[in-house]
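A.B. asks: Quick one: the structure is below, questions incoming.
The values are calculated or read from the model by the stated rules, or taken from the named source; none is laboratory data. Here the structure is a predicted model, which means the values were calculated and not measured. For neighbour counting, all protein chains shown are included, and Cβ atoms are generated from backbone atoms with ideal geometry for every residue, glycine included.
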Amino acid sequence: MHWRVGLIGDPVAHSFSPRFQQAAFDALGIPARYELWHTSQSHLVERVRSLCDTDCLGANVTIPHKEAVLPLLDNVDPLAARIGAVNTIVHRDDYLYGYNTDAAGLLYALYEGGIGKQDAEGKIALDGYTAILLGAGGAARAAAFALVNAGVERLIILNRHLERALLLATELQQSYDRPVFSLSDPAFLIPSASSIIINATSLGMHGDVSPLPGEILARFDVETTFVYDMIYNPTQTYLLIQASLMGLRTANGLSMLLHQGALAFTMWTNQSAPLDIMRKSLLDRA
Ligand code: NAP
C-alpha cells in the first residue's frame, strides 16, 4: 500500500514541508507521499474526515485551520488543548489524534542554538533565562506554553494588542508561579542578562520592518542574549540583520520548522526522523 499524508491549510503552495517530509519518507524507504491539501473553511470538515481513509497516516495543519480542527478530532493532546492549536493530526486505529509540535519544535530549535540544557529523556530546560516573546497569536501561544514548561525564569509577552498578551499571561499564570509580564510598548522593556528574544509575529515577512526597534534591541547584553525569529522566509529578517550587526547571537525559523516536522514524522511512522536528511533538503530549498 502507498500511504498518504499532507498539509491542510489555505494557502499551502508556499510550504517547505513537502520537500523535507518526502525526503524523510524516501530515505527510510517508507512508501508514503506528502501532499498539499489546499482546504477552504467550507471544506475543512470533509477534509478532516478524509484523514480516516485506510491509506492516510494523518496531516499537518497550518493557517488558518490550526484552531478550527480541534473540535473535529477524537482526541486532543492536553498541551495542544491549552495552546488552542493543533498542527499535527495522527490517524491511528480509526481515530484522529491532535498534537502541537510547534511548542517542542521551538525548544529543540533553541537548544540547537546553544540555549538551555537537555536531560536524558530529551527534555529541554531553560532555567535562568528571561524569555521575551514578541506576539500573542497562534505561534506565540505555542511558544509561551513551551517556555513556561521549560522553566524560564520570567516571561515577558510583548504584543501590539495588549489585551491578547494579557489574556495569554493570565492563562499561563494558572499553572506557572514565576512572573509573566504583558506589554504593548517595547519602550518599557527592561533588559536582563541571559535573555531569549523570540519573534512570533508575522512582522518581518515583508520589507524592512521589525517588531523590536533597534534602539531597544541595543539595550541587550551582547554576550548572553539570543534572538530567534520564527520567520524562515526571508531567512534573514530585519530583526535578525539588526541583531547580528549588534553582535547578538541569532537563528531563523528553519530550525523550528525542521523540528516540528521531525516530531510529526515520528508520530506518523513510529520511527526516528532522519534529521540530517530533512535539514539538508530544507537548506537546499531555503
Ligand atoms: P497569527 O496567529 O496571525 O499572529 C500574528 C501575530 O503577529 C500577532 O501577535 C499580531 O499582533 C502580530 N502582528 C501582525 N501584524 C503586526 C503588525 N503590523 N505590527 C505588530 N504586530 C503584528 O500568526 P501565527 O500563526 O502566530 O504566525 C506568526 C509567525 O510565526 C508567522 O510569520 C509564521 O510564519 C511563523 N511561524 C513559524 C513557524 C516555524 O516553524 N518556524 C511555526 C509557526 C509559525 P496582534 O495580536 O496585535 O494582531
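A.B. asks: Determine whether Ala251 is touching a residue at least 40 places away in the same chain (Cβ under 8 Å), touching an Asp or Glu at 6+ places or on another chain (Cβ under 8 Å) and within 14 Å of the ligand (Cβ to nearest atom). Let's see the steps before the verdict.
C.D. replies: Details: touching a residue at least 40 places away in the same chain (Cβ under 8 Å): yes; touching an Asp or Glu at 6+ places or on another chain (Cβ under 8 Å): yes; within 14 Å of the ligand (Cβ to nearest atom): yes.
Judged against the criteria, Ala251 is a match.
A.B. asks: For Tyr97, indicate whether it is assigned to a strand (DSSP E or B), among the hydroxyl-bearing types (Ser, Thr, Tyr), out of contact with any Phe, Trp or Tyr (no Cβ under 6 Å at 6 or more places or on another chain) and modelled with pLDDT of 95 or more.
C.D. replies: On the way: assigned to a strand (DSSP E or B): yes; among the hydroxyl-bearing types (Ser, Thr, Tyr): yes; out of contact with any Phe, Trp or Tyr (no Cβ under 6 Å at 6 or more places or on another chain): yes; modelled with pLDDT of 95 or more: yes.
Criteria met by Tyr97.
A.B. asks: Please determine whether any residue of the range 220-228 is within 15 Å of the ligand (Cβ to nearest atom) and either crowded, with 20+ Cβ neighbours inside 10 Å or not β-branched (Val, Ile, Thr) (or both). Spell out how you get there, then give the answer.
C.D. replies: Of the residues in the range 220-228, the ones within 15 Å of the ligand (Cβ to nearest atom) are 227-228.
Checking the rest, the ones that are also either crowded, with 20+ Cβ neighbours inside 10 Å or not β-branched (Val, Ile, Thr) (or both) come to 227-228.
Yes, the range 220-228 has at least one match.
A.B. asks: Pull up the range 29-56, narrow it to residues that are touching a His at 6+ places or on another chain (Cβ under 8 Å) and part of a strand (DSSP E or B), then point me to the one that is surrounded by the fewest Cβ atoms within 10 Å (Cβ to Cβ).
C.D. replies: If we take residues in the range 29-56 being touching a His at 6+ places or on another chain (Cβ under 8 Å) and part of a strand (DSSP E or B), then Arg33 is surrounded by the fewest Cβ atoms within 10 Å (Cβ to Cβ).
A.B. asks: Thr201: within 14 Å of the ligand (Cβ to nearest atom), surrounded by 13 or more Cβ atoms within 10 Å (Cβ to Cβ) and of a type outside the set (Lys, Arg), yes or no? Outline the logic, then answer.
C.D. replies: Numbers: within 14 Å of the ligand (Cβ to nearest atom): yes; surrounded by 13 or more Cβ atoms within 10 Å (Cβ to Cβ): yes; of a type outside the set (Lys, Arg): yes.
Yes, satisfied.
A.B. asks: For Ile231, are the conditions met, namely being within 16 Å of the ligand (Cβ to nearest atom), closer than 15 Å to Leu133 by Cβ and crowded, with 21+ Cβ neighbours inside 10 Å?
C.D. replies: Yes.
A.B. asks: How many residues, within the range 117-141, are in a loop (DSSP other than H, G, I, E, B), touching a residue at least 24 places away in the same chain (Cβ under 8 Å) and closer than 17 Å to Leu258 by Cβ?
C.D. replies: 0
A.B. asks: Being of a type in the set (Asp, Glu), touching a residue at least 12 places away in the same chain (Cβ under 8 Å) and surrounded by fewer than 22 Cβ atoms within 10 Å (Cβ to Cβ) is true for just one of Asp26, Asp102, Asp93, Asp77. Which residue is that?
C.D. replies: Every option except Asp77 fails the conditions.
A.B. asks: Output the residue which, of all residues in the range 137-191 that are more than 17 Å from the chain's Cα centre (by Cα) and of a type in the set (Phe, Trp, Tyr), is surrounded by the fewest Cβ atoms within 10 Å (Cβ to Cβ).
C.D. replies: For the range 137-191, the residue satisfying everything is Phe188.
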